[in-house]
Structures are given as structure tokens and as C-alpha cells.
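Here's the structure we're looking at; comments come further down.
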Amino acid sequence: GGGGAAMADGDGLMSVDYEVHGKVQGVFFRKYTQAEAKKLGLVGWVQNTSHGTVQGQIQGPTARVRELQEWLRKIGSPQSRISRAEFSNEKKIEALDHKEFQILK
């Protein structure tokens, strides 16, 4: 073994904000994101923005959050065309701020 295990700790909880650009509105992107998050056991929210993107927050075990980030970057809903996904405010958290993964209007 060795030191530096703090960053490699995949068991802790983390929170990250995201914004997905491309053709992501009117293609059930929020519904699919919610379903994927629930499948991974994550909490947070997703909503359409006024400038044509989808944004939200993901919270949960680090490894699972990473999986959803990858999904948001590459997959999305079947009809969507993702040009890019941006992530910000990434941080370790002690407890979840949300009870479930919600679609916000």
C-alpha cells in the first residue's frame, strides 16, 4: 500500500453540478437522466435552462457519480445529441442534500 489514498477513496460521497450542451431539450433528456440516476442510486436534480441546455446537480457515492458523469458526457437520451458536458463545484460531502433525483420545472 501507500499514502495518497484520500483521493482514490471511491466510497465517500461527492456532489457535482453539471450543464449539458447540444440537442438536449425536447428529447426526454431529463426523464432519461432521472432514470439513470435512480438506477445508480444517486440523488439530485435536472432541469431545462432558458438557453437550451440541461443543468442540475448529482450527489452520491463517488464511483457512481463518475458513472453518471460519463453517461451525461457520451450517452444521454436516445434522441439527444450531446456536444459537451461541463462539470463544476465538485466537492466531497458528508451527507446528501437531496432525498431523491427530481426533474425541476
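The values are calculated or read from the model by the stated rules, or taken from the named source; none is laboratory data. Remember, predicted model here, so these are calculated numbers, not experimental data. All Cβ positions, glycine included, derive from the backbone under ideal geometry; neighbour counts span all protein chains shown. Note: accessible area is taken over every heavy atom of the protein model, side chains too, but ligands, DNA and RNA are not part of it. Shrake-Rupley method; radii C 1.70, N 1.55, O 1.52, S 1.80 Å.
Below, the figures for the structure above:
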read-out: Matching residues, the range 46-105, being under 11 Å from V16 (Cβ atoms), open to solvent by 80 Å² or more (accessible area, probe 1.4 Å) and part of a helix (DSSP H, G or I); value: R66
read-out: Counted residues, the range 22-40 - those being in contact with a strand residue (DSSP E or B) (Cβ under 6 Å, 6 or more places away or on another chain) and either on the phi > 0 side of the Ramachandran plot or open to solvent by 50 Å² or more (accessible area, probe 1.4 Å) (or both); value: 5
read-out: Q47 vs. criteria farther than 23 Å from P78 by Cβ and not basic (K, R); value: no
